[in-house]
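Every read-out reported here was derived from the displayed coordinates using simple, explicitly stated rules and does not represent laboratory data. None of these values were measured; they are calculated from a predicted model. Cβ sites come from the backbone with ideal geometry, for glycine too, and all protein chains shown count toward neighbours.
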Amino acid sequence: MDCSHLITVEPGKRSGQPCVRGMRITVRDVLEYLAGGMTVDELLADFPELTRDDVRACLTYAANQLPRPAA
C-alpha cells in the first residue's frame, strides 16, 4: 500500500511527527491505541474522521520504518 498521500509530515504540526492526512492525529497515536488493545472498529468509532485506509496507512508507514533484512 502506498501511504504517501495519507501520511503527512508538517514541521509546525505535532512537532513534525507523521500525521494522518494533515490532521492532528499522529501515526503514533493510532499505533498506541491499537497496541493498547483497542480494535480498529473502536478506533473508528472514537475518531470518525479516520478511515480503515488511514489505519492501514499507519501500519504500513510503521512497518516501512523498520530495517529490511539483507538478502
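Measuring from label point to label point, each 7 Å out along Cα→Cβ, what is the residue 28 to residue 45 span in nm?
Label-label distance for residue 28 and residue 45, simple model: 2.8 nm.
Ordered by residue, what ³J(HN,Hα) values in Hz, to whole numbers, does segment 36-49 give under the Karplus form 6.51 cos²θ - 1.76 cosθ + 1.60, where θ = phi - 60° and Gly and Pro are x?
Working through the residues one at a time gives x, x, 5, 7, 4, 4, 5, 4, 5, 5, 6, 10, x, 6 Hz.
Of 40, 12, 25, whose Cα points farthest to the positive end of the dipole of the chain (charges on the beta-carbon: +1 Lys, Arg; -1 Asp, Glu; origin at the Cα centre)?
Most positive-ward Cα: 12.
Which residues among segment 1-22 fall inside the zone where the amide N is under 16 Å from a point 7 Å beyond the Cα of residue 66, along Cα→Cβ?
1
Residue 25's amide H: which non-local residues (gap 5+, or another chain) put their own amide H closer than 5 Å, with H modeled 1.01 Å from N in plane and none for Pro or chain starts?
20
Given Cβ point charges of +1 (Lys, Arg) and -1 (Asp, Glu) and nothing else, what value in debye, to the nearest 20, does the dipole of the chain about its Cα centre take? Provide the component values of the computation, followed by the final result.
Working: 8 positive and 10 negative charges, 64 e Å.
In total the dipole reaches around 300 debye.
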